[in-house]
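Asks: Got a structure here, written out as structure tokens. Questions coming.
The values are calculated or read from the model by the stated rules, or taken from the named source; none is laboratory data. Just so it is clear, the model here is predicted, and its values are computed rather than measured. Here the Cβ positions follow ideal geometry from the backbone for every residue, glycine too, while neighbour counts run over all protein chains shown. When the accessible area is computed, the model is the full protein with side chains, heavy atoms only, and any ligands, DNA or RNA have been set aside. Shrake-Rupley method; radii C 1.70, N 1.55, O 1.52, S 1.80 Å.
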Amino acid sequence: MRAYVPGGALVTNIEVTATTVQRGDIIQLGGHALRVRDLFQLPQGAKQLVFESGELLTIHARTRLAAVRMLRRR
């Protein structure tokens, strides 16, 4: 599903893995929407996500999460 929001951004619901997650993705965990601020590569394809709230999440290479990605029109 894609939707337009004010400001010219395009919002898309996506499924992310350790290889496809990006800074700025919004991931819903435990009923809270958390925006990825930074991420670090770990051994064996895993990644550690740092959220704007300061929380950390380590995801395995095969973990799949639902996320929202905002794309700016150029």
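Asks: Is it the case that segment 65-72 has a residue that's surrounded by fewer than 12 Cβ atoms within 10 Å (Cβ to Cβ) and touching a residue at least 60 places away in the same chain (Cβ under 8 Å)?
Replies: Looking for residues that are surrounded by fewer than 12 Cβ atoms within 10 Å (Cβ to Cβ) and touching a residue at least 60 places away in the same chain (Cβ under 8 Å), one finds at least one in segment 65-72, hence yes.
Asks: Please determine, by comparing only the residues of segment 8-38 that are open to solvent by less than 40 Å² (accessible area, probe 1.4 Å) and modelled with pLDDT under 90, which one is nearest to ALA67 (Cα to Cα).
Replies: THR12
Asks: Of everything in segment 41-59, what is open to solvent by 40 Å² or more (accessible area, probe 1.4 Å) and in contact with a strand residue (DSSP E or B) (Cβ under 9 Å, 6 or more places away or on another chain)? Give them in sequence order.
Replies: Listed by number, the residues that qualify are GLN41, LEU42, GLN48, GLU52, SER53, GLY54, GLU55, LEU56, LEU57, THR58.
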